[in-house]
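Following: one structure in structure tokens, then a few remarks.
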Amino acid sequence: MKRTLWITLCAVFLGASLSYGNAAPKPPEQNWSFEGPFGTFDRKALRRGLQVYREVCASCHSAAHLRYEKLKELGFTESDVKAIAAEYEVPGPVGEDGNTKPRKAEPKDFFAHPYPTEAAARDANNGALPVDLSMVIKARPHGPDYVFAFITGYAKAPSDLKMAPGMHYNLYFPGHQSAMAPPLSDNQVTYPDGTPATVDHMARDVVTFLAWASEPEMETRKRMGVMVLIFLSIFTAMLYVLTKRVWWHIKHPS
Ligand code: HEC
């Protein structure tokens, strides 16, 4: 009985340490303007990040929770948004043949999907599914640090690791074998504001954009939090003064 217990404990310990060894390392911490209680989104970085998403990531990844009209919050005008939406097609009304006819997207539409079905997406990506990016920053531990580390974390596979066909070695992806090829290379996009389009810059910008996409109301929430704290401190001070006064009268009855 005792022996079985020991063997089970050893097996659990060995299993845990092996799986720990295989786990991806913690991504390095980055400085993000949107972190901390006073964090805000840098509007220029958001617009550059949208550009990287549209020109690089959107060919494989949807961002289905975002509507085109939401882009007005990044400083785009009504007609800019109309023009951006019109570059995409979304499923339209059902035609006489029973199939939906694609139509030009409008500002009220959600961002268009790059593939018509999940099967088509897997088919084009070595069997793996490119996740929807609208919530990915919230959905992964160490959200922005992880996504930044993942999209920039490609390296040559160690010689003792047998890579499956079509997979790419990534330092931060759990299991280290990712079906996503390195998505970014220097000067892949041309930023209109003259910012050099290095891999590092593009990755930072697209992560900032995805962080905004996963919580566009973050700035309002944080501002509200600060207001509540200010209110509570004033309220506490007032209560303190009031309590002192009440007790003064009780302690010094005239
Ligand atoms: C050619 C297609 C393609 C492009 C372009 C692409 N990806 Fe991916 N991406 C994939 C696939 C496929 C997966 C799934 C990987 C897997 O499961 O092995 C993936 C997975 C991911 C994940 C999830 C990782 C995880 O922890 O599950 C993130 C985040 C991501 N991509 C971000 C991006 C960003 C940001 C861009 C643009 C800079 C981008 N991708 C461009 C195909 C692509």
Note on the chain: alpha-carbon gyration tensor, axes a ≥ b ≥ c; rule is a/c under 1.5 for rounded, else prolate if a/b larger than b/c, else oblate; result oblate
Once you keep just the Cα pairs under 8 angstrom separated by 6 or more residues, what percentage relative contact order results for the chain? 23
Between HIS65 and LEU232, the two model label points (7 Å from Cα along the beta-carbon direction) sit apart by a distance in nm of 2.6
Mind checking the dipole of segment 27-249: about its Cα centre, +1 per Lys or Arg Cβ, -1 per Asp or Glu Cβ, Debye to the nearest 20? 800
Hey, in the GNM for the chain with a 10 angstrom Cα cutoff, which one of PRO114, PRO182, PRO93 fluctuates hardest? PRO93
Which one, SER33, PHE231, LEU71, is farthest towards the positive end of the dipole of segment 27-249 when Lys and Arg carry +1 and Asp and Glu -1 on their Cβ? PHE231
As a percent rounded to 5, the proportion of antiparallel DSSP bridges among beta bridges in segment 27-249 is 100
Mean-square fluctuation maximum in Gaussian network of the chain, Cα pairs under 10 Å, restricted to PHE76, PHE150, PHE209, hits PHE76
Students often get this wrong, so check it: of LYS44/LYS104; LYS222/LYS244; LYS138/LYS222, which have C-alpha atoms separated by over 24 Å? LYS44/LYS104; LYS222/LYS244
Roughly speaking, to the nearest percent, how much of the chain's 1.4 Å accessible area is carbon and sulfur? 63
Accessible area of the chain divided out per residue, in Å², using a probe of 1.4 angstrom: 65
Nearest-0.05 FRET efficiency for HIS142 and THR40 at R0 = 25 Å, using Cβ-Cβ distance, is 0.75
Along the charge dipole of the chain, which of PRO253, ALA211, ALA119 sits closest to the positive end, that is, farthest toward it, with unit charges on the beta carbon of Lys, Arg, Asp and Glu (+1, +1, -1, -1)? PRO253
Which loop chymotrypsin sites (Phe, Trp or Tyr not before Pro) in segment 29-65, with loop taken from DSSP, have no more than 15 other Cβ atoms within 10 angstrom of their Cβ? PHE38
By the gyration tensor of its Cα atoms, with a ≥ b ≥ c the square roots of the eigenvalues, what is the shape of segment 101-143: rounded for a/c under 1.5, prolate for a/b over b/c, or oblate? oblate
Just check segment 21-170 against the gyration tensor rule for me: Cα atoms, a ≥ b ≥ c as the square roots of the eigenvalues, rounded for a/c under 1.5, and otherwise prolate or oblate depending on whether a/b exceeds b/c. oblate
Which residue, PRO107, LEU46, ALA83, has the largest displacement toward the positive end of the dipole of the chain when charges sit on each Cβ (Lys, Arg +1; Asp, Glu -1)? LEU46
Would you mind calculating the gained length between GLU215 and ASP193 on full extension (0.36 nm times residue separation, minus the Cα-Cα distance), in nm to one decimal? 5.4 nm
Along the chain, longest interval not containing exposed trypsin sites (Lys or Arg not before Pro), exposed being DSSP loop plus at most 15 other Cβ atoms within 10 Å: 1-107
Given R₀ = 45 Å, FRET efficiency for GLN30-ARG245 by Cβ-Cβ distance, to 0.05? 0.35
Where in segment 65-88 does the label zone of LYS108 land, with the point 7 angstrom along Cα→C-beta and an amide N cut-off under 11 Å? none
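The values are calculated or read from the model by the stated rules, or taken from the named source; none is laboratory data. As the structure is a computational prediction, the values presented were derived from the model and not from experiment. With ideal geometry, Cβ positions are generated from the backbone for all residues, glycine too; neighbour counts draw on all protein chains shown. For accessibility, only protein heavy atoms count, side chains too; no ligands or nucleic acids. Shrake-Rupley method; radii C 1.70, N 1.55, O 1.52, S 1.80 Å.
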